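The values are calculated or read from the model by the stated rules, or taken from the named source; none is laboratory data. Source: prediction; values computed, not measured. FYI the Cβ positions are ideal-geometry reconstructions off the backbone, even for glycines, and counts take in every protein chain you see.
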Amino acid sequence: MQNEARINLLARVARSAPPLAGSVEPASSGSILSLAAASYGSRPSGDATVPTGFDPLAVALFEAIVEGAYVVANADGVFDDDERRTFEKVVVTACGGTVAPNQIAALVNDLSDQLEEDGVDRRVEMIGKAVTKKDHAREILRIAALLAYVSEDVSPIEREVLGKLARQFGIEPGEVDTALAEARDAVAHGR
């Protein structure tokens, strides 16, 4: 049950706005993850007509957020079935019902194939190409740092991959320390 409580905590924190977002964008509600997830969840499949409000850039951002967390979670070379199920469950729960579990499972399958084929450095580069705004880059770091805590603590190799993401985004290395500190604080204090 502790694992279930931890999953719900991580998902709640991921779905909430970052600590400083309220002062920067008071009109927005929730996190960038939540907003991008809504578009991803409404993505048409097959020959379906594109629905009003569908935003392909938001879909790409959602995929980049999830991939950033996935690449960090896989950094230590250990990502067994239990970790994968937990990762998927945290992402699904963080999306607040806007993305179906089968959509996340399919996305994680794709990410797994891409990571195996391309390697970490190429995937970090591709994530960087999908991100054009600094607040989006910070959200990817925030979510990746938070999901790194699924396994209780962040390993040095996970931290190194977070640093690679920060460099790819062109943001200060200190942003990694900030993201990790905020994630650690949120997990420790249940916020």
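At a glance:
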{"quantity": "Test: Thr132 is over 23 Å from Ala11 (Cβ atoms), over 14 Å from the mean Cα position of the chain (by Cα) and among the hydroxyl-bearing types (Ser, Thr, Tyr)", "calculated": "yes"}
{"quantity": "Evaluation of Glu139 against (1) within 11 Å of the chain's Cα centre (by Cα); (2) of a type in the set (Asp, Glu); (3) under 24 Å from Glu4 (Cβ atoms) (one fails), failing number", "calculated": "(3)"}
{"quantity": "Boolean, Ala36 is at pLDDT below 85, part of a helix (DSSP H, G or I) and closer than 18 Å to Ile143 by Cβ", "calculated": "yes"}
{"quantity": "Test: Ala58 is in a helix (DSSP H, G or I), modelled with pLDDT under 80, within 22 Å of Ala145 (Cβ to Cβ) and of a type in the set (A, V, I, L, M)", "calculated": "no"}
